[in-house]
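Read through the structure below, which is laid out as structure tokens, and then see the notes.
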Amino acid sequence: MHGCARFTPLLEGYLDGELSAEQIDAVEEHLWSCPRCQKELEELCTLRKILREAMEEGLVNEQLQVAWDRITEGLTPPTLKERIWWPVRNLLPPFRPLRTLAWGLALLAILLFIIPLVTTAPSPPVEVESIESEHPVMIFQGEEGMTVIWLFEAEE
Amino acid sequence: MNERELIERVQKGETEAFKDLMAPYERRIYSLLYGMVGDHEDALELTQEVFIKAYRSIKSFRMASSFYTWLYRIAVNLALDFRRHWVANPEPKEASDPPDEGGPDSSLLRKELNEQIHRAMALLSAQHRAIVLLREVEGLSYREIAEIMGCRLGTVMSRLHYAREGLRRALEPYLKGGG
């Protein structure tokens, strides 16, 4: 229709209420006589309507109530214990009772096996006497008896 | 009690006043976020985040600007962050369906249309999506949108036009029928 090129760019502003009073008058006068721009405007209105309906659907009050419960939790400042414990807790692996018990028993078994070995290991022999002579003699006292070492030089 | 008084009470630490302050916005913020992320569960979680962030930073709010543009700015920024994170770490999941309302036929038709709308929205960039939602769903002025998005008025107008054209192309059969 006559003058559409001038008015089409203004249709969105008209729909959005962003035109001056003079522009509104001009657009309305054109719309009166232009089915093409009427259709264009109608499509823009329909787009707005279906977008609004699509975005506003689906939210039920129960969901909002649950959301508010969580929001309220989020608003409460954490206690001193929570402030100290939570960061530590986040660093630790999650607590699993059965796995923890299994690891505990395994550790206990290892300790029960190692402790007797450590406690019953023979202590090294202690030198109790050495005799300086042409052929030095060293006497060691161990738990299993006495050891005498007599050193001889090999004859050339 | 008016909004200004409620804001002052919340700024003094009265948590109870916060719910009254946010009551007019909870559905609107949710709708905006739903349009931005396209999933009910994510939109609900983001709504919670927006409200908690608003509460924690409300002391920095000065009465010079309007409360809702301040609140929408928080919502849009969180949604943009969410989109950026989602693009970097996509987690494929099925969109959570809203509960059915109305008869089976109307419900099916509405569901089909809504799916088309969300597909069409997904073709837009996050910035274009935010602008078209702030205008078409929230009814904000170009100036308010420019303030929220931190861009110029001309940018708002051109992005809005581009987004509308994209949606009109993608939803042509539904628009020709008159919705």
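How many residues are surrounded by 15 or more Cβ atoms within 10 Å (Cβ to Cβ) and either touching a residue at least 24 places away in the same chain (Cβ under 8 Å) or more than 7 Å from chain B (Cβ to nearest Cβ) (or both) if we restrict to segment A:45-56?
Quick first cut of segment A:45-56, residues surrounded by 15 or more Cβ atoms within 10 Å (Cβ to Cβ) only: A:46-48, A:50-56.
Still in the running and either touching a residue at least 24 places away in the same chain (Cβ under 8 Å) or more than 7 Å from chain B (Cβ to nearest Cβ) (or both): A:48, A:53.
Summing the residues that are surrounded by 15 or more Cβ atoms within 10 Å (Cβ to Cβ) and either touching a residue at least 24 places away in the same chain (Cβ under 8 Å) or more than 7 Å from chain B (Cβ to nearest Cβ) (or both) in segment A:45-56 gives 2.
What are the residues in segment B:15-57 that are of a type in the set (Lys, Arg) and either within 26 Å of B:Leu124 (Cα to Cα) or free of Cβ contacts under 8 Å to residues at least 24 places away in the same chain (or both), if any? Before you say what the answer is, go through the steps one by one.
Restricting attention to segment B:15-57, the residues satisfying the condition of being of a type in the set (Lys, Arg) are B:19, B:27-28, B:53, B:56.
B:Lys19, B:Arg27, B:Arg28, B:Arg56, listed by residue number.
State the number of residues belonging to segment B:15-33 that are farther than 13 Å from A:Trp68 by Cα and exposed (fewer than 13 other Cβ atoms within 10 Å of the Cβ).
Of the residues in that region, 1 qualify.
Counting only residues that are closer than 24 Å to B:Glu138 by Cβ and either in a helix (DSSP H, G or I) or more than 14 Å from chain B (Cβ to nearest Cβ) (or both), how many does segment A:1-43 have? Steps first, please.
Of segment A:1-43, the ones closer than 24 Å to B:Glu138 by Cβ are A:9-20, A:23-24, A:27, A:40-43.
Narrowing further to those that are either in a helix (DSSP H, G or I) or more than 14 Å from chain B (Cβ to nearest Cβ) (or both): A:9-15, A:23-24, A:27, A:40-43.
The qualifying residues number 14.
Of the residues that sit in segment B:126-165 and are out of contact with any helix residue (DSSP H, G or I) (no Cβ under 7 Å at 6 or more places or on another chain) and farther than 17 Å from A:Leu19 by Cβ, which one is farthest from the other protein chains (Cβ to nearest Cβ)?
Taking segment B:126-165 first, the residues out of contact with any helix residue (DSSP H, G or I) (no Cβ under 7 Å at 6 or more places or on another chain) are B:139, B:141, B:150-151, B:154-155, B:158, B:165.
If we keep only those that are farther than 17 Å from A:Leu19 by Cβ too, we end up with B:150-151, B:155, B:165.
Details: B:Gly150: 19, B:Cys151: 16, B:Thr155: 14, B:Glu165: 10 Å.
Only one residue tops the list, namely B:Gly150.
So B:Arg164 fits all but one of (1) charged (D, E, K, R); (2) out of contact with any Ser or Thr (no Cβ under 8 Å at 6 or more places or on another chain); (3) open to solvent by 10 Å² or more (accessible area, probe 1.4 Å); what number is the exception?
(3)
Name the single residue, out of those in segment B:2-14 being touching a residue at least 12 places away in the same chain (Cβ under 8 Å) and open to solvent by less than 60 Å² (accessible area, probe 1.4 Å), that is farthest from B:Ile52 (Cα to Cα).
This residue is B:Leu6.
Just need a number here: residues in segment B:34-60 that are of a type in the set (A, V, I, L, M) and surrounded by fewer than 19 Cβ atoms within 10 Å (Cβ to Cβ).
Residues of segment B:34-60 of a type in the set (A, V, I, L, M): B:36-37, B:43-44, B:46, B:50, B:52, B:54, B:58.
Filter once more, so that each one left must be surrounded by fewer than 19 Cβ atoms within 10 Å (Cβ to Cβ): B:52, B:58.
Result for segment B:34-60: 2.
Report, by residue number, each residue of segment A:2-20 that is hydroxyl-bearing (Ser, Thr, Tyr) and surrounded by 13 or more Cβ atoms within 10 Å (Cβ to Cβ). Spell out the reasoning first.
So the first thing to find is which residues in segment A:2-20 are hydroxyl-bearing (Ser, Thr, Tyr), and the list is A:8, A:14, A:20.
A:Thr8, A:Tyr14 - these are the residues of segment A:2-20 that are hydroxyl-bearing (Ser, Thr, Tyr) and surrounded by 13 or more Cβ atoms within 10 Å (Cβ to Cβ).
Can you tell me how many residues in segment A:104-150 are in contact with a Pro (Cβ under 9 Å, 6 or more places away or on another chain) and among the hydroxyl-bearing types (Ser, Thr, Tyr)?
2
For segment B:58-90, enumerate the residues that are within 14 Å of another protein chain (Cβ to nearest Cβ) and either at pLDDT below 90 or not in a helix (DSSP H, G or I) (or both).
Selection gives B:Lys59 alone.
Out of the residues in segment B:1-20 meeting the condition of being away from chain A (no Cβ under 12 Å) and of a type in the set (A, V, I, L, M), tell me which one is nearest to B:Asp81 (Cα to Cα).
So the residue we want is B:Ile7.
Whether any residue in segment A:37-44 is surrounded by fewer than 17 Cβ atoms within 10 Å (Cβ to Cβ) and charged (D, E, K, R) is what I want to check. Quick ask: steps written out before the conclusion?
Of all residues in segment A:37-44, those surrounded by fewer than 17 Cβ atoms within 10 Å (Cβ to Cβ) come to A:38-39, A:42.
Add one more test, that the residue is charged (D, E, K, R), and what stays is A:39, A:42.
Taking every residue of segment A:37-44 in turn, at least one turns out to be surrounded by fewer than 17 Cβ atoms within 10 Å (Cβ to Cβ) and charged (D, E, K, R).
The values are calculated or read from the model by the stated rules, or taken from the named source; none is laboratory data. In this text the structure is predicted, and so the values were computed from the model without any measurement. Neighbour counts are summed over all protein chains in view; Cβ atoms, including those assigned to glycine, are modelled from backbone coordinates with ideal geometry. These area figures cover heavy atoms from the full protein model, side chains too; ligands, DNA and RNA do not enter into them. Shrake-Rupley method; radii C 1.70, N 1.55, O 1.52, S 1.80 Å.
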